[in-house]
Amino acid sequence: MHLGLENRVAFVAGASSGLGRATARALLTEGCRVAICSRSSERIQCAAMDLAQEAGVPDDHVLPLVCDVTQEERVRTAIDRTVDHFGGLNILITNAGGPPTGTVLEFSADDWRAALELNLMSTINLTRAALPHLKQAAASTRPLARILMITSISAKQPVAGLYLSNVSRAGVQGFAKSLSEEVGAEGITVNTILPGYTRTDRLAHLSEALAERRGVSEDEIEAGWANQAALRRVGREEEFAAAAVFLVSEPAAYITGVALPVDGGAIKGLL
Ligand SMILES: NC(=O)c1ccc[n+]([C@@H]2O[C@H](COP(=O)([O-])OP(=O)(O)OC[C@H]3O[C@@H](n4cnc5c(N)ncnc54)[C@H](OP(=O)(O)O)[C@@H]3O)[C@@H](O)[C@H]2O)c1
């Protein structure tokens, strides 16, 4: 299938590791120019060099940017720098780290606010900064304008101990669906992608935290996750990235307002 991604410009947030990084690599392989961001200068520079090499593209196809996506002004600067550098913006992929685990009374009001900043407000910050440029891209002679928000299976099926994630992801789903309705007439698609348990740094930290909390081994935690999936294993980053790339491609032009789980069949609801 021809994905129509050659010479398109993408911004992938939270891309120094994990799902964001894997998605950036897949977009580079398809011929995109990709801006990537994270909080750590060292990690994002290093990721940019490695990604160009892994994708077999020139170094200047990747633009590393230091940006904490909870900071509205920094987000605006990062998006503007991407547009200045590559000459436009076709694809926004929102992403960040995940919040800590715990039970309801363990979290302070500040913990709740921090989680909403990390997973909900970051998505809104990125979208507000990118939207004027995506509108231009949608109205151009080679139109392609896509927003894809990385959330979690917890948006459809709350995960025990992940209160902060369960709540903030639900907010992102509401934002995405509302936005898809508002910008659809311009040809801009807005979708969310819901990873299930996928092997990344975040998953390693999560299994360590849960193993300690429950007094079991990390292997037992991981086996439990694998067993929740119909496919009886955790996912791989590249499997997630393949679905993400399709959703932002040209052939996905008639898909908007959907929440796609990439979870090996972990969500048990019918829809
Ligand atoms: N992996 C899974 O199994 C899974 C399942 C369900 C949901 N998710 C969700 O999917 C998202 C990505 O997960 P992952 O497994 O890829 O996590 P990860 O390996 O921890 O990667 C997170 C990335 O986001 C960056 N980041 C974190 N906070 C940031 C901020 N405030 N501003 C900018 N960048 C930030 C990190 O880089 P720096 O540290 O350099 O900033 C890193 O590049 C998370 O929200 C996670 O909760 C993951």
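Quick notes on this one:
- Tally of residues being within 18 Å of K268 (Cα to Cα) and buried (at least 19 other Cβ atoms within 10 Å of the Cβ) across the range 149-158: 6
- Contact map, the range 29-58: first residue open to solvent by 70 Å² or more (accessible area, probe 1.4 Å), second residue outside any helix (DSSP H, G or I) and charged (D, E, K, R), Cβ cut-off under 6 Å, separation 6 or more or different chains; pairs are R39/D68.
- Just one of the listed residues (E212, E181, E208) is charged (D, E, K, R), assigned to a helix (DSSP H, G or I) and modelled with pLDDT of 95 or more, and it is E181.
- Evaluation of F175 against the conditions (1) assigned to a helix (DSSP H, G or I); (2) away from the ligand (no atom under 16 Å from the Cβ); (3) open to solvent by 20 Å² or more (accessible area, probe 1.4 Å) shows that the sole unmet condition is (2).
- Scanning the range 120-143 for residues that are touching a helix residue (DSSP H, G or I) at 6+ places or on another chain (Cβ under 6 Å) and hydrophobic (A, V, I, L, M, F, W, C) yields L120, L126, A129, A130, A138.
- Pairs where the first residue, in the range 212-225, is over 15 Å from A160 (Cα atoms) and the second is open to solvent by 80 Å² or more (accessible area, probe 1.4 Å), C-beta under 8 Å, 6+ apart: E218/E208
- All of (1) more than 12 Å from the ligand (Cβ to nearest atom); (2) in contact with a Leu (Cβ under 8 Å, 6 or more places away or on another chain); (3) assigned to a helix (DSSP H, G or I) hold for I44 with one exception: (1).
- Set G4, G18: member being near the ligand (Cβ under 6 Å from one of its atoms) and not β-branched (V, I, T): G18
- Listed conditions (1) within 12 Å of the ligand (Cβ to nearest atom); (2) under 17 Å from the mean Cα position of the chain (by Cα); (3) of a type in the set (A, V, I, L, M) are all met by A114, apart from (2).
- Subset of the range 180-218 (residues that are outside the structural domain of S168 (by TED's automatic domain parsing) and more than 16 Å from the ligand (Cβ to nearest atom)): E212, R213, R214, G215, V216, S217
The values are calculated or read from the model by the stated rules, or taken from the named source; none is laboratory data. Model, not experiment: these values are computed from the prediction. Cβ coordinates were reconstructed from backbone atoms using ideal geometry, including for glycine residues, and neighbour counts include every protein chain displayed. Side chains included, ligands, DNA and RNA excluded: accessible areas come from the protein's heavy atoms. Shrake-Rupley method; radii C 1.70, N 1.55, O 1.52, S 1.80 Å.
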